[in-house]
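Heads up, the thing below is written out as structure tokens.
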Amino acid sequence: MRLLERNDDGTINLKDFLDNKVPPYAILSHKWDQEEVLFRDMMDGTAEHKPSYRKIRFCVDQAWSDRLRHSWVDTCCI
């Protein structure tokens with residue numbers, strides 16, 4: 001399973017969990033917009049330049065405030 005991980009400094013990266021030890025995580029339920037942040041955008045560093053990145057940022061920041069370091073968003077975690 002692949003999750004978004006928010007680090008202490010606020011940066012977001014993807015992290016793979018290959019075993020059954022998946023940590024607690026938040027899930028973003030959202031309506032797809034044009035130019036969603038995709039897995040490849042996260043990998044090539046262009047995610048932050050897309051308008052829909054605000055949803056990713058909102059999700060991980062809300063999860064962080066709820067004491068969750070990890071989040072799952074279908075557009076970029078699959």
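Here are a few things to note about the model shown:
- Conditions (1) part of a helix (DSSP H, G or I); (2) at pLDDT 95 or above: number failed by residue 54: (2)
- Cβ-Cβ under 9 Å pairs, at least 6 apart or on other chains, segment 24-39 side surrounded by fewer than 14 Cβ atoms within 10 Å (Cβ to Cβ), far side at pLDDT 90 or above and basic (Lys, Arg): 24/67; 24/69; 33/55; 35/50
- Take the conditions (1) touching a strand residue (DSSP E or B) at 6+ places or on another chain (Cβ under 8 Å); (2) closer than 18 Å to residue 2 by Cβ; residue 45 misses just one of them, which is (1).
- Scanning segment 23-36 for residues that are part of a loop (DSSP other than H, G, I, E, B) and modelled with pLDDT of 95 or more yields a total of 2.
- Segment 1-52 - residue that is touching a Pro at 6+ places or on another chain (Cβ under 9 Å) and of a type in the set (A, V, I, L, M, F, W, C) and, of those, farthest from residue 76 (Cα to Cα): 17
- Taking the criterion of being at pLDDT 95 or above and either more than 13 Å from the chain's Cα centre (by Cα) or in a helix (DSSP H, G or I) (or both), the residues of segment 60-78 that qualify are 60, 61, 62, 63, 64, 65, 66, 67.
The values are calculated or read from the model by the stated rules, or taken from the named source; none is laboratory data. The structure displayed is predicted, hence computed values, not measured ones. Glycine also receives a Cβ, built like all others from the backbone with ideal geometry; neighbour counts cover every protein chain displayed.
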